[in-house]
Amino acid sequence: MHHHDSDEPCFRSFEPAVLRPAELTSFSRGGGARTVPLVTRATGAEVFLTGQTLFDGGAGIALHTHNCPESVTILEGDAIVEIDGTEHHVTRFDTTYVPAGLPHRFRNASATEPMRILWIYASVDATRTIVGTGVTARVDAEHAKAAAPGRD
């Protein structure tokens, strides 16, 4: 009898889903940024997390690190990304890759126009540690209620 163990495909229990950001709940990250979770444990993800963060004009997030690699693609607008102390101007469809443990942050390069990013973490157990405070939290814990209304 074959039981579910590590040699089985990691996608076996992932049910298909179509996720429409315009129809999903967003939650505030503070400072004019809000996140829409997409592929998460709530949708059955087992190996990665994705979502979008929308930045109002002038908005940015604090310098932080993760416990796994992250890739971000700019979907709308212009951004300044700081990676390990170096700032880069990025625009629509530009994509970043940041290894685990490297401090980084995004901010909207415009004071008036919105900016939107797609983020992908290489683990469902991704955490974010704020450099200034040392506080660490699971990325999915920040949006568990927003991502899964009525589910435990």
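Computed about the Cα centre, the dipole magnitude for the stretch 12-73 is approximately 60 debye when only Lys and Arg (+1) and Asp and Glu (-1) carry charge, each at its Cβ. Kindly report, to the nearest 10 Å², the accessible surface of residue 123 as traced by a 1.4 Å probe over protein heavy atoms only. Around 30 Å² of this residue is reachable by solvent. Overall, the ratio between the Cα radius of gyration of the stretch 34-96 and 2.2 N^0.38 Å, rounded to two decimals, is 1.21. Residues 107, 29, 128 ordered from highest to lowest accessible area at a 1.4 Å probe: 107, 29, 128.
For the stretch 20-66, the mean projected area of the C-alpha convex hull, equal to one quarter of the hull surface, is 4.0 nm². The spacing between the stretch 17-35 and the stretch 59-106, judged by their C-alpha centroids, is 18 Å.
The values are calculated or read from the model by the stated rules, or taken from the named source; none is laboratory data. Just so it is clear, the model here is predicted, and its values are computed rather than measured. No Cβ is skipped: glycine too gets one built from the backbone with ideal geometry, and neighbour counts run over all protein chains shown. Keep in mind that these areas ignore ligands, DNA and RNA; they rest on the heavy atoms of the full protein, side chains included. Shrake-Rupley method; radii C 1.70, N 1.55, O 1.52, S 1.80 Å.
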